[in-house]
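Student: Okay, here's the structure, questions in a sec.
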Amino acid sequence: MSDNLDWFEFDKRHIWHPYSAIGADLPSYPVVSADGVRLRLADGRELIDGMSSWWCAIHGYNHPQLKRAIGEQLESMPHVMFGGLAHKPAAELGKRLIEITPGPLQTVFFADSGSVSVEVAMKMAIQYWHDKDQPEKQRFLTIRRGYHGDTFGAMSVCDPDAGMHALFSEILPKQLFVDAPSCYFGHPCKGDGAKALRKKLKKNHAQIAAVILEPIVQGAGGMRFYSAEYLKEVRSLCDQYGVLLILDEIATGFGRTGKLFACEHAGITPDIMCIGKSLTGGTMSLAATLTTEEVSNTISQGDPGLFMHGPTFMANPLACSAALASLELLLDSPWQERIKAIELGLQNGLAPCRELPQVDEVRVLGAIGVVELKRPVDMKQIQPCFVDAGVWVRPFGKLVYLMPPYIIDGDDLNTLTSAVVEVVERCPI
Ligand SMILES: *Cc1c(COP(=O)(O)O)cnc(C)c1O
């Protein structure tokens, strides 16, 4: 079948991509199919995927079980409105999610993207305090270097200084920030690790609806891994000061850090939890916000007695079916061993980067491997270097990182890590 790639030229002039510019002369590649851990480009080249399409494609691409689940649902009902109607895919998925997330989380709100699930979490927290007769509790406290999405509420709790959102700062709600924890994952926090957070809570708790954090791994804000002790401390401070805890597990959920959910590293439960990204195994857009009976009952019995949010495509049956199939695949697989093997492969494979003068730090946790450089990369240079090396790796800022599908084998993982070492050392980045 011939394809003269006219569509690709059209794309460059008319289609926005994530954090992109129209007409920018940056490398971009036409992809025509994907299978297992390989992406196939229009010119026939195959690239080993090091990104899982941004944390999502945990089972690799084109998985027959996921396709079957979506296909079967497609036959009976691809979509139907969720207002006043209920369907089995949503109920079954909700049940499964309640079973596998921390016990106190008992209700599920399905949203269509991670950012929306964060908006929903923030609105839940505000409505909860409204219904508790503490309507002044409307602000959020978070740590710097976080990332929670691109919509306005979510942006307001992203790192306030990162270039990403500074442009909108005048119209964003003013939230409260403390420095990101300095205690590294696997290490204790020396002294009072959460001192800054404690001080902010002590002073402002009467206005704070919730603390919102990414547990253990700060993703798009810098790929930093922090101590579980800090997270434990945050939970007890929230209890002490009467503030809800929202954990954003959108990136960390479903095994990526070695636990099914990252909050398990600290043995804590949030009041509200956001999940998304790998929820459907990378096939469809779906996210969810889970909360406790305390929060859902308070909102439901309060005034106006309804939770004020309801997306058009809420609980899309195709996406719910895909998510159910993805969970079954994950939980029936030896995922812990796979993550452990990937962790070892990343540690060994990326270790040579430590010797390179360009590199500031190499860190690995679960199926996430990060090489932090001393200077931001030049995407125009580095992207083609990776493609020429036969891998799909997409750095940002100073970070070159890998988070491959869980099904990757040792040889392909080795190709990925070798490519990173090679490119960081030799490519004029
Ligand atoms: C990706 C991400 C989001 C936003 O999800 P979208 O589906 O892109 O809207 C929010 N929080 C975290 C931690 C994420 O990694």
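Student: Could you check, for the stretch 72-80, whether at least one of its residues is at pLDDT 95 or above, within 16 Å of the ligand (Cβ to nearest atom) and at negative phi?
Tutor: no
Student: State which residue is nearest to the chain's Cα centre (by Cα) when the search covers only the stretch 83-127 and only residues that are open to solvent by less than 20 Å² (accessible area, probe 1.4 Å) and of a type in the set (S, T, Y).
Tutor: Only one residue tops the list, namely S117.
Student: Hey, could you check the stretch 226-243 for residues that are in contact with a helix residue (DSSP H, G or I) (Cβ under 7 Å, 6 or more places away or on another chain) and open to solvent by 10 Å² or more (accessible area, probe 1.4 Å) and say which is farthest from H130 (Cα to Cα)?
Tutor: Ranking the qualifying residues of the stretch 226-243, first place goes to A228.
Student: Within the stretch 50-66, take every residue that is within 16 Å of the ligand (Cβ to nearest atom) and assigned to a loop (DSSP other than H, G, I, E, B) and give me the one that is nearest to M223 (Cα to Cα).
Tutor: Ranking the candidates gives M51 first.
Student: Within the stretch 128-149, is there a residue that is in contact (Cβ under 8 Å) with a residue 24 or more places away in the chain, within 12 Å of the ligand (Cβ to nearest atom) and open to solvent by 20 Å² or more (accessible area, probe 1.4 Å)?
Tutor: Checked the stretch 128-149: at least one residue is in contact (Cβ under 8 Å) with a residue 24 or more places away in the chain, within 12 Å of the ligand (Cβ to nearest atom) and open to solvent by 20 Å² or more (accessible area, probe 1.4 Å).
Student: Also, I was wondering about something else. Test L47 against the criterion of being more than 14 Å from the ligand (Cβ to nearest atom) and either more than 30 Å from I342 (Cβ to Cβ) or under 21 Å from the mean Cα position of the chain (by Cα) (or both), and give yes or no.
Tutor: Against the criterion (more than 14 Å from the ligand (Cβ to nearest atom) and either more than 30 Å from I342 (Cβ to Cβ) or under 21 Å from the mean Cα position of the chain (by Cα) (or both)), L47 does not qualify.
Student: Could you tell me whether the stretch 335-357 includes any residue that is open to solvent by 60 Å² or more (accessible area, probe 1.4 Å), closer than 25 Å to L39 by Cβ and touching a Lys or Arg at 6+ places or on another chain (Cβ under 8 Å)?
Tutor: Checking the stretch 335-357: not a single residue is open to solvent by 60 Å² or more (accessible area, probe 1.4 Å), closer than 25 Å to L39 by Cβ and touching a Lys or Arg at 6+ places or on another chain (Cβ under 8 Å).
Student: Still on this structure, I have one more. Look at the stretch 99-123 and say how many of its residues are within 16 Å of the ligand (Cβ to nearest atom) and part of a helix (DSSP H, G or I).
Tutor: 10
Student: Charged (D, E, K, R), closer than 16 Å to P89 by Cβ and part of a helix (DSSP H, G or I), is that true of E328?
Tutor: yes
The values are calculated or read from the model by the stated rules, or taken from the named source; none is laboratory data. Note that the structure is predicted; figures quoted are calculated from it, not measured. Neighbour counts are summed over all protein chains in view; Cβ atoms, including those assigned to glycine, are modelled from backbone coordinates with ideal geometry. Just so you know, the surface numbers come from the protein's heavy atoms only, side chains and all, with ligands and any DNA or RNA stripped out. Shrake-Rupley method; radii C 1.70, N 1.55, O 1.52, S 1.80 Å.
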